[in-house]
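The values are calculated or read from the model by the stated rules, or taken from the named source; none is laboratory data. What you see is a predicted model, and the numbers here were worked out from it, not measured in a lab. All Cβ positions, even for glycine, are placed from backbone atoms using ideal geometry, and neighbour counts span all protein chains on display. Only protein heavy atoms, including side chains, enter the accessible area calculation; ligands, DNA and RNA are left aside. Shrake-Rupley method; radii C 1.70, N 1.55, O 1.52, S 1.80 Å.
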Amino acid sequence: MKILGIESTCDETAAAVVENGKEVLSSVISSQAKLHEKTGGVVPEVAARKHLPAIIPVIKEALAKADLKWEDIDAIAVSECPGLLGSLLIGCVTAQFLAFLKDKKLIPVNHVVGHLYSVYLENPNELKFPRLILTVSGGHNEIVLMKNHFDFEILGSTLDDSAGEAFDKAARLMGLGYPGGPQIQKAAELGKEGEFQLPRPMINQDSLNMSFSGLKTALLYEMKKKKISEDKISSLALEFQNAVVDVLVAKIKKAVEKNPEIKEVHLVGGVSANKVLRLKLKTLSETFNLPIYYPENISFCTDNAAMIASAAYFQTLEFPNKYSSETKLNIKPNSSIEDYFK
Ligand code: KG4
Ligand code: ZN
């Protein structure tokens, strides 16, 4: 079964064709990152407008790269939640119209559920349940116990900002540009350890919840306390990155200890591209003798449509009669994965 996936929840316009949930025949991503660099973050209205001219060319390119015609496509999948309302609308209206016009099944997907499949795309024959998944990006930050395809439990989440949001806001404060995560990672490579000391919020609490907004405020105070020269910014970036990574790793460690039945750990979402986080989780993997996976291909860490098409494949297998060319979409800026299939 070949599914055309469409993704437009935030500032990436993406389309992909995936066969049987695992073989990526094409994956095209048009990113607005350069545009949002000017404002140091995504302006929702601007993002929505930019999806409009991009979405049809991206879909055409995904079909062309897969060397397929419309008649070869079995279904269309689209992210319907959570995300920025204006951005979601562009992807959803496009998918709905194409499904009706081309008479294809329309499969709505929760974007965060989509992220849970990004590691699967690269390792379709190895993965086991139950697995622990850290979804960490600009819009979400959760530790999920995935017992089976439609059986999730959120063990912990952020109480305020996501780690990606914290990276983006901190980078803006330090004048490092957007998106913040990659910029902070780059600056941190030149930094010196021990020059700054930032807090690790909630690191010693037994709860698997997290909080990153205080860390950003602590960074702001540090910057107000004394003028920080350009060469010291890299050390501050390093300390900020270490603080976020330490918290994420500590919470994963705690989650593994609390759930000894898990067979593997996945790291997904934009922040999973972070080199230091990947490295520290590898060490943790050796300590627990537990496989830890993250997308090797960075374009599967950040928002993409291949993961949406993959998740949709399992949905249509499980609920074969649920979808048609006129499936009603439930576009919601906020939506929990725990409630999604209820
Ligand atoms: O998954 P994604 O593309 O979009 C959302 O669904 O939010 O994630 C984007 C987020 C941004 O906050 C960006 O700063 C962060 O992922 N990010 C990183 C890195 N690459 C992207 N954070 C830390 N280190 C990175 N290398
Ligand atoms: Zn995402």
Exercise. Once you charge only the Cβ atoms, +1 for Lys and Arg and -1 for Asp and Glu, what is the size of the charge dipole of region 1-144 about its Cα centre, to the nearest 20 debye?
Worked result: 160 debye
For this session: Over region 258-342, give the accessible area per residue in Å² for a 1.4 Å probe, as an integer.
Result: 49 Å²
Exercise. So which GluC sites (Glu not before Pro) in region 283-342 pass both tests, a DSSP loop state and at most 11 other Cβ atoms within 10 Å of the Cβ?
Worked result: E296, E326
Exercise. Put R131, R200, R172 in order of accessible area, largest first, 1.4 Å probe: what do you get?
Worked result: R172, R200, R131
For this session: Kindly provide the Kirkwood hydrodynamic radius of the chain in Å, to one decimal, from all pairs of distinct alpha carbon atoms.
Result: 20.4 Å
Problem set entry | Rounded tilt (10° steps) of 44-65 against the dominant C-alpha axis of the chain | 50 degrees
Seminar exercise, completed: Relative to the chain, whose Cα atoms define the longest principal axis, helix 230-258 and its Cα axis are tilted in degrees, nearest 10, by 60 degrees
Problem set entry | Point-to-point label distance, K232-K192, nm (Cα→Cβ direction, 7 Å offset) | 1.1 nm
Seminar exercise, completed: Rounded to the nearest 10 Å², the accessible area of V245 using a 1.4 Å probe with every protein chain kept is 0 Å²
Problem set entry | Those trypsin sites (Lys or Arg not before Pro) in region 192-271 that DSSP places in a loop and that have at most 13 other beta carbons within 10 Å | K192, K226, K227, K263
For this session: Averaging sequence separations of C-alpha pairs under 8 Å and six or more residues apart, then dividing by the length of region 1-67, give the relative contact order as a whole percent.
Result: 34 percent
Problem set entry | Between region 199-229 and region 79-111, the Cα center-to-center distance that results, in Å | 38 Å
For this session: Between beta-carbons, use under 15 Å as the cut-off and find the net charge around S336, counting Lys and Arg +1, Asp and Glu -1.
Result: -4
Problem set entry | Of K192/K224; K216/K254; K105/K322, pairs whose Cα-Cα distance is over 18 Å | K192/K224; K216/K254
Seminar exercise, completed: For the pair F97 and K322, the simple spin-label estimate (label points 7 Å beyond Cα toward Cβ) gives in nm 2.7 nm
Seminar exercise, completed: Carbon/sulfur accessible area of region 1-138, % of total, 1.4 Å probe, equals 55 percent
Exercise. What's the carbon and sulfur percent of region 193-238's accessible surface, probe 1.4 angstrom, rounded to a whole number?
Worked result: 50 percent
Exercise. How many Å² of accessible area per residue for region 136-181, probe 1.4 Å?
Worked result: 33 Å²
